[in-house]
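K.L.:
Mind having a look at this structure? Questions to follow.
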Amino acid sequence: MTTTAHVYPIDNIDTDRIIPGKYTKTLDMSALASHVLEDLDSEFSKKVQQGDILVAGNNFGCGSSREQAPIALKASGISVVVAKTFARIFYRNAINIGLPVIEVEQHNIQSGDSISVDLENGVVTNHTKNETYQATKMPQQMIDILNAGGLVNYLVKHGDYV
């Protein structure tokens, strides 16, 4: 699927910037989605369409171990997060809730570019610029968890432990 990129080339976007702590008590996914990245871009939730891709810098998702951060991104319509690197706890939380994340060290993606992500082969394609970028390939077991929609769905389907 080809979709629109929303690029924030900032390092160390922490979980408090992804979803401010004052909103983490709600179970209302649309409320979470409406506040995603609001301290970074007050219009973010209005710009994002279902299936869009977020592109960020190094150490995305650092800070508090907050499962609501990837949940809020997914609820906002983001289908994949592309970053140079991720904070490890965010990376695992995202996979566990079924939000694909992929690391790309070098790219030329700008906001509004039409891109697609091939998790299986670790490739991000920028259709606007007719360029491809090599990503860090994800282990098959993590891809299987994502394909199941997250860790809980994977365990329900397979009845075993990862």
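Derivation of every value follows stated rules applied to the coordinates shown; laboratory data play no part. Quantities reported herein were computed from a predicted structural model and do not represent experimental measurements. Cβ sites come from the backbone with ideal geometry, for glycine too, and all protein chains shown count toward neighbours.
K.L.:
Rounded, prolate or oblate, given the Cα gyration tensor of segment 119-162, with a/c below 1.5 counting as rounded?
P.N.:
Prolate, because a/c is 1.5 or more and a/b exceeds b/c.
K.L.:
A further question follows. Over all directions, average the projected area of the Cα convex hull of the chain and note it in nm².
P.N.:
Answer in nm², one decimal: 8.8.
K.L.:
Could you tell me the distance between the Cα centroids of segment 1-57 and segment 101-145, to the nearest Å?
P.N.:
Using only Cα atoms, the two centres lie 19 Å from each other.
K.L.:
Just for the chain, what percent of DSSP beta bridges are antiparallel, to the closest 5?
P.N.:
About 45 percent, rounded to the nearest 5.
K.L.:
What translational D, rounded to a whole number of µm²/s, comes out for segment 15-104 from Stokes-Einstein when the hydrodynamic radius is the Kirkwood one over Cα pairs, at 10 °C and 1.306 mPa s?
P.N.:
The estimated diffusion coefficient comes to 126 µm²/s.
K.L.:
Highest mean first, how do 90-99, 138-147 rank when packing is the count of other Cβ atoms within 10 Å averaged over residues?
P.N.:
90-99, 138-147
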